[in-house]
1. Give me D for the range 59-141 in µm² s⁻¹, whole number, from Stokes-Einstein with Rh from the Kirkwood sum over alpha-carbon pairs, 25 °C and 0.890 mPa s.
2. Going by Cα centres, the range 142-161 and the range 33-65 are how many Å apart?
3. Could you let me know the centre-to-centre spacing of the range 166-189 and the range 77-92, using Cα atoms, in angstrom?
4. Once you have the Cα-Cα distance between Glu70 and Asn133, take 0.36 nm times their residue separation minus that, and quote the gain in nm to one decimal.
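Here, each number is a calculation from the coordinates, and none is a lab measurement. Quantities reported herein were computed from a predicted structural model and do not represent experimental measurements.
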Amino acid sequence: MKRFVALLCMLTCVFSLTACGGEETVNQYQADKLAVAEQYATDSIIPLMEEALANETIMDIYAQGGYTAEEWETVIANSFSASVEGDAFLKALESFENAHETMGAIVSIDDVNSAVDDETIIVTVDVTGEIKNGQVELIFSNDYFAVLKSCTLNVDATFGELMTKAAMNTLLGMGSVFAVLILIMFIISLFGYIPKIQAMFAKKADKPAAPTPAPVAAAPVVEEAVEEADDYALVAVIAAAIAAYEGKTTTDGFVVRSIKKSRRR
């Protein structure tokens, strides 16, 4: 048992030494790239962004959107000898322009820190501005070319600004919750009117319809026509009797003005 424990301890020490040796070799290789990225960030990229902001020609082209991302890569490489992706330069220029409105121009570069992963190298640089301080975060490709993939300038917020922002976020969050709760309460309060509305519509549906008026009987047109025809016949008979009485064969010249019915029995 003691021999087994001793063997296990020896193997653990051997593997530990091997791991430490490998880690030291990898760290040295990465340390060289980190040093290149840190120097590139402080000596080239940050001064490049400050110079671009002060260059009216570059800012005019940037404001008008005159160059594509690929064209910006060529311009930066030829004019400033820097390896920068076009999209990264445009976003970095926008970030520096917005930050300068709050912190002013960068006066000095302070602490520099860096970290590495499988694909990128991240460098953070503390800077001092004319009004406020800030921190530049730069992301490079994980190789000796150190191509800039991203760059942002973040302004340091004071304790009062942080508390004010936190209070505003809390107020907005709680205000939104209370507003939604009030809206839900209002909707629930309207449920009490639904039975009343249903009863009102049901009462209107049960109400009997108004009786339809009886049609008015038409005047006896036929009888009047018959009566009028009888008058014409009577006139013709009377006219013929008068003509016979006068000894004439026709009724020409006779005009019956009116016929009145006698009331004698």
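1. On the way: Rh = 14.2 Å.
Estimated via Stokes-Einstein, D reaches 173 µm²/s.
2. 13 Å
3. A separation of 46 Å, based on Cα centres.
4. Full-extension gain reported as 19.4 nm.
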